[in-house]
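S.K.: Handing you this structure, nothing more for now.
Nothing in this text is a laboratory measurement; each read-out follows from the coordinates by a stated rule. Model, not experiment: these values are computed from the prediction. Glycine gets a Cβ as well: all are built from the backbone with ideal geometry, and neighbour counts include every protein chain shown.
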Amino acid sequence: MAMSSAHAGDGGAVVVIGGGIAGVTTAIEAADAGCDVVLVEQHAFLGGRVARFHQYFPKLCPPTCGLELHFRRLGQHPRVRVLTGARVEAVSGQPGDYSVTIAQAPRYVTDACTACDACVPVCPATRSDTFNYGMGETKAIYRDHPLVKPATYAIERAACPAGCDACVKACAYGAIDLAAQPSTVTVKAAALVAATGWAPYDAARIEPLGFGRCRNVITNVMMERLAAPDGPTRGRIVRPSDGEAPRTVAFVQCAGSRDENHLPYCSAVCCAASLKHTAYVRAALPEARVKLFYIDIRTGGRLEEFYARTAADPLLELVKGKVARIDEDPETGEVLLEVEDVGQGRKLHERADLVVLATGIVPQTDGLPQGFALDEFRFVAPSGNGSGLYAAGCVRRPAEVAASVQDATGAALKALQCAVRSARHG
């Protein structure tokens with residue numbers, strides 16, 4: 001990005017909405033090119049969905065090293081301002097000259113926090129562990145994982161008992177302010193980039209597939225956390241009903257995707273993600289038998305080799321078939337699957353100890369400020385280079401991590417060009 005010598009920051013900052021891998025990459029790339037950047041994340045910590053992954057495909061390496069490097073670069077960058085617990089409330093103006101109002105909720109823990117952990121044992125309150133998709137609880141004062149950015153605790157005040165100040169008394173650094181109040185800041189911006197990411201489709205809405213009705217039916221994002229060493233089971237893949245290791249695991253593709261009643265589009269990454277999950281099972285449970293039921297295996301380009309390598313496992317069976325219904329054996333807790341075997345032209349009745357639904361990608365566009373155009377599926381629609389409003393990552397289209405990072409670099413360039421133009425013509 002050779003245009004950095006134009007000092008794009010003179011024409012206004014770039015506001016990046018979303019602190020996942022796409023948003024963090026956009027912020028760093030834009031800042032390195034000479035823009036002042038305000039990174040706005042609604043949650044208490046950065047990292048987004050990638051922070052919850054156990055491994056990337058196709059290399060099957062952990063995401064922590066990449067995130068740690070990004071977090072370090074953010075912390076050392078003089079041009080980046082990070083606001084967590086924050087939302088963009090309003091945007092006015094025009095490309096190159098926006099006024100952006102940002103509301104920030106208090107985290108009740110200040111930068112004086114050293115993460116010494118003294119506050120955690122004394123906290124009497126708990127909250128649902130949203131980082132682990134509700135598979136467990138944390139204390140009301142919490143960190144999502146050991147490498148969080150910001151590297152301090154946060155408090156969910158709604159979970160605190162009235163009048164409780166146990167954490168304040170336990171903190172030797174005076175880092176807890178239970179009286180902290182919300183604040184609002186207004187910044188001038190040349191451009192905005194939406195990088196608000198995705199959420200898994202609500203599997204409970206697909207009633208025939210049994211999520212929420214059958215104890216041992218989970219989703220693909222829950223499998224990521226079960227396999228992760230810092231997850232709710234410390235990396236043990238177990239049945240939710242009894243905590244026992246499954247001997248048979250079934251993966252159900254297109255749980256909601258490519259379905260006119262739910263998500264009409266292909267979510268792009270689910271096939272490769274489920275193949276990755278079969279590798280998790282085989283590594284943790286070498287004797288377990290695995291079946292994967294699919295409509296089509298979509299692993300194009302560089303992922304074909306990953307597909308071929310994974311499919312060669314003799315204990316993995318790939319079945320071209322649509323799962324019509326899932327029920328539970330009330331006596332054993334086993335999951336009963338009714339499957340249309342397309343290849344053999346017959347109906348199958350299968351049993352599994354654990355079923356994993358490959359739920360699709362839903363763009364997180366609710367709450368974006370006015371001006372961002374959405375397509376028929378509520379992804380951010382493409383905009384012209386001079387629009388001043390851009391998007392990066394899965395809020396724009398379903399994509400794997402590597403593609404989201406590349407997309408973020410492109411969004412940073414568009415924002416930089418807008419900032420440079422505004423500086424030259426301001």
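S.K.: Connecting C-alpha atoms closer than 10 Å in a GNM of the chain, tell me which of His349, His277, His54 has the biggest fluctuation.
M.R.: For the chain, modelled as a Gaussian network with Cα springs under 10 Å, the answer is His349.
S.K.: Going through the stretch 213-282, which GluC sites (Glu not before Pro) have at most 16 other Cβ atoms within 10 Å and a DSSP loop state?
M.R.: Those that pass, being in a loop and sparsely packed, are Glu244, Glu260.
S.K.: Using r as the Cβ-Cβ distance of Arg309 and Asp375, and R0 as 51 Å, what FRET efficiency do you calculate, to the nearest 0.05?
M.R.: That gives a FRET efficiency of 0.90.
S.K.: Net charge within 12 Å of Asn220 by Cβ-Cβ distance, Lys/Arg positive one each and Asp/Glu negative one each, not counting Asn220 itself?
M.R.: Result for the neighbourhood of Asn220: +3.
S.K.: Who wins for biggest fluctuation among Pro58, Pro363, Pro286 in a Gaussian network model of the chain, springs between alpha carbons below 10 Å?
M.R.: Pro286
S.K.: How many nm separate the modelled label positions at Lys169 and Cys116, each set 7 Å beyond the Cα in the direction of the Cβ?
M.R.: It is 1.7 nm.
S.K.: Can you tell me which of Gly23, Gly85, Gly163 moves the most in a GNM of the chain? Springs connect C-alpha atoms under 10 Å apart.
M.R.: Highest fluctuation among the options: Gly163.
S.K.: Okay, moving on. With a cut-off of 8 Å between alpha carbons and a minimum separation of six or more residues, what is the relative contact order of the chain in percent?
M.R.: 21
S.K.: If you don't mind, another one. Taking the Cα centre of each part, how many Å lie between the stretch 279-326 and the stretch 335-397?
M.R.: Distance between centres, Cα-based: 20 Å.
S.K.: A follow-up question, please. 5 Å is the cut-off here: which amide hydrogens, built 1.01 Å from N in the peptide plane, fall below it relative to Ala44, excluding neighbours closer than 5 in sequence?
M.R.: Gly85
S.K.: Pairing the Cα long axis of helix 401-425 with the longest principal axis of the chain, what angle in degrees results, from 0 to 90 and rounded to the nearest 10?
M.R.: Value to nearest ten degrees: 20.
S.K.: Now for a separate question. So how strong a dipole does the chain carry about its Cα centre when Lys and Arg Cβ are +1 and Asp and Glu Cβ are -1, to the nearest 20 debye?
M.R.: Dipole magnitude for the chain comes out near 680 debye.
S.K.: Next question. Using R₀ = 35 Å, calculate the FRET efficiency as 1/(1 + (r/R₀)^6) where r is the Cβ-Cβ separation of Ala180 and Lys322; round to 0.05.
M.R.: 0.10
S.K.: Classify the chain as rounded, prolate or oblate, taking a ≥ b ≥ c as the square roots of the eigenvalues of its Cα gyration tensor: rounded when a/c is under 1.5, otherwise prolate if a/b is larger than b/c and oblate if not.
M.R.: oblate
S.K.: Also, quick follow-up: Among residues other than Ala204 whose Cβ falls under 14 Å from its Cβ, what is the net charge (Lys/Arg +1, Asp/Glu -1)?
M.R.: Taking every other residue near Ala204 into account, the sum is +1.
S.K.: For the stretch 116-139 and the stretch 25-51, what is the centre-to-centre distance using only Cα atoms, to the nearest Å?
M.R.: Spelled out, the Cα-based centre of one part sits 26 Å from the other.
S.K.: Provide the FRET efficiency to the nearest 0.05 for the Tyr56-Glu260 pair, computing r from the beta carbons and using R0 = 22 Å.
M.R.: After rounding, the FRET efficiency stands at 0.10.
S.K.: Same structure again: Among Ile17, Ile295, Ile155, what is the fewest-to-most ranking by other Cβ atoms within 10 Å?
M.R.: If I rank by nearby Cβ atoms, fewest first, I get Ile295, Ile155, Ile17.
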